[in-house]
Structures are given as C-alpha cells and as structure tokens.
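Novice: What follows is a structure written as structure tokens; I'll ask about it next.
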Amino acid sequence: MNEFKLGPANNIPPGEGRVYRVEDEKIAVFRTRGGEVYAVQAECPHRGGPLADGLLGGATLICPLHAWKFDLKTGQALYGDCGLKTFSVSIDASDQIILFR
C-alpha cells in the first residue's frame, strides 16, 4: 500500500469535499463538520456527477446531479444499487491529509 500526502487539511473546509488526482485516478476527499475525513471515487457511478460538489451530512453524501445518497464510510448506496470505491485516508500530526492506496 502506498501513502500519498495530499496537503493541509484546512484546504478542505468542514462540510465540503475536494478532488485530488492520485496517480491515474481522481479521488474526492471530504472533511465533515465533526472532523472526520473520507475518500471515494470522484464521479458518481450513476451518471458521472462530480461528487466533491455534493451535499455532505455527517458521513452521508448526496450526489449533486440526481440526489443519490452514499455512505462515505462504506461506499454503499443508500438508494440505488451501485456503490462507491473507497480509500483509506487520515490527517496526520502535522495536519496533512494522507491517502493510502
């Protein structure tokens, strides 16, 4: 498993997401208002919506195009049958976002 330093956590305001390119893949990273971070594929599997632009409520993400809901902890769709690819992510002691892939 490789470790990728994505930058300072404060680059993502609480309750929002940002897209990062890690090697050949776009990954959406979210920081909840409670301080947790999650990382998933950047595009909705339903219609390719930009997930980083979706609404975040706790660990639930709502796609901005068609309101599909996903659990960011597991990647599972709350409605519908296609889930998201998830990635391990954390914030280290120096407040850097670290993605494991």
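Yes/no matrix, rows are residues, columns are (1) modelled with pLDDT of 95 or more; (2) assigned to a strand (DSSP E or B); (3) surrounded by 15 or more Cβ atoms within 10 Å (Cβ to Cβ):
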position: Leu6; (1), (2), (3): yes, yes, yes
position: Asn10; (1), (2), (3): yes, no, no
position: Ile27; (1), (2), (3): yes, yes, yes
position: Gly35; (1), (2), (3): no, no, no
position: His66; (1), (2), (3): no, no, no
position: Gly75; (1), (2), (3): yes, no, yes
position: Tyr79; (1), (2), (3): no, no, no
position: Ser90; (1), (2), (3): yes, yes, no
position: Leu99; (1), (2), (3): yes, yes, yes
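Novice: May I pose another question? Would you please list the contacts, defined by Cβ atoms under 9 Å and residues six or more apart or on different chains, that run from a residue in segment 86-97 that is of a type in the set (Phe, Trp, Tyr) to a residue that is at pLDDT below 95?
Specialist: Phe87/Arg101
Novice: Which condition from (1) in a strand (DSSP E or B); (2) of a type outside the set (Phe, Trp, Tyr); (3) surrounded by 13 or more Cβ atoms within 10 Å (Cβ to Cβ) is the one that Arg21 breaks?
Specialist: (3)
Novice: To continue, here is another question. For segment 17-58, give me the residue count where each residue is within 16 Å of Phe4 (Cβ to Cβ), in contact (Cβ under 8 Å) with a residue 12 or more places away in the chain and charged (D, E, K, R).
Specialist: Residues that pass the stated criteria total 4.
Novice: While we're on this one: Collect the residues in segment 32-83 that are closer than 21 Å to Arg101 by Cα and of a type in the set (A, V, I, L, M), keeping them in residue-number order.
Specialist: Passing the criteria: Val37, Ala39, Val40, Ala42, Leu51, Ala52, Ala59, Leu72.
The values are calculated or read from the model by the stated rules, or taken from the named source; none is laboratory data. Just so you know, these numbers come straight off a predicted model, no measurement behind them. So basically every Cβ, Gly included, is an ideal-geometry build from the backbone, and we count neighbours across all protein chains shown.
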